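Below is one structure, written out as structure tokens; comments come after it.
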Amino acid sequence: MSSSSTEQTSRPTRLAAAAAVAGIEALGLLAGGVYMLVKALTDGTGDLTGALTGAVTLVALGLIPLAAARGLWLRRSWSRGPAVVTQILALPVAWQMLQANSALIPAGVVLGALAVTGLVLLVNPATTEALGIRRPGQDTP
């Protein structure tokens with residue numbers, strides 16, 4: 001196998017990093033949903049229906065960046081859209097966490113850093129090229 005063939009099939013570092021960011025966000029949402037579900041089922045106080053709804057919502061939302069992470073890793077062009085939307089939606093969530101006077105502040109810092117990093121990686125020309133996404137005005141190969 002020639003060197004140029006290996007270069008064409010190698011995954012750019014930025015694309016792998018973008019997939020990792022989306023994967024970390026997915027794991028966070030899924031873990032939060034499972035935590036809420038366990039807490040709702042074991043804690044006898046509070047609104048069980050509301051807690052279950054919140055838990056199921058977090059798990060469902062976690063599937064979006066999980067699918068995007070897998071798509072990015074496999075170089076599927078469709079995956080960039082859900083990944084970008086996930087980063088954009090994470091920014092106001094991180095902002096709200098930063099406004100809290102609680103243990104959520106460090107989580108807000110991490111989420112904000114992940115979202116900004118994810119956006120930078122996803123709009124990088126190396127990432128879009130690796131996904132086969134053409135820029136406006138770019139000629140077809």
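The values are calculated or read from the model by the stated rules, or taken from the named source; none is laboratory data. What you see is a predicted model; the values in this text were computed from it and never measured. Glycine gets a Cβ as well: all are built from the backbone with ideal geometry, and neighbour counts include every protein chain shown. Accessible surface areas use protein heavy atoms only, side chains included; no ligands, DNA or RNA. Shrake-Rupley method; radii C 1.70, N 1.55, O 1.52, S 1.80 Å.
Here is how the numbers come out for the structure above:
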read-out: Cα-Cα separations in the chain greater than 27 Å, expressed as whole percent; value: 32 percent
read-out: Whole-Hz ³J(HN,Hα) from phi, Karplus 6.51 cos²θ - 1.76 cosθ + 1.60, for the range 107-114, glycine and proline x; value: 5, x, 4, 5, 5, x, 5, 5
read-out: Residues of the range 1-94: accessible area per residue with a 1.4 Å probe, Å²; value: 60 Å²
read-out: Interchain or long-range residues, amide H under 5 Å from residue 124's placed H; value: none
read-out: Computed [θ] at 222 nm, helices only, for the chain once each DSSP H run of length n ≥ 4 contributes -39500 (n - 2.57); value: -26000 deg cm²/dmol
read-out: Folded to 0 to 90 degrees: helix 48-73 orientation relative to the chain principal axis, Cα; value: 10 degrees
read-out: Residue 78 accessible area, 1.4 Å probe, all protein chains in place, Å² to nearest 10; value: 140 Å²
read-out: Packing rank of 57-65, 15-23, 126-134, where each peptide gets the mean count of other beta carbons within 10 Å, highest leading; value: 15-23, 57-65, 126-134
read-out: Mean Cα-pair separation over length for the chain, i.e. relative contact order, pairs under 8 Å, 6 or more apart, %; value: 28 percent
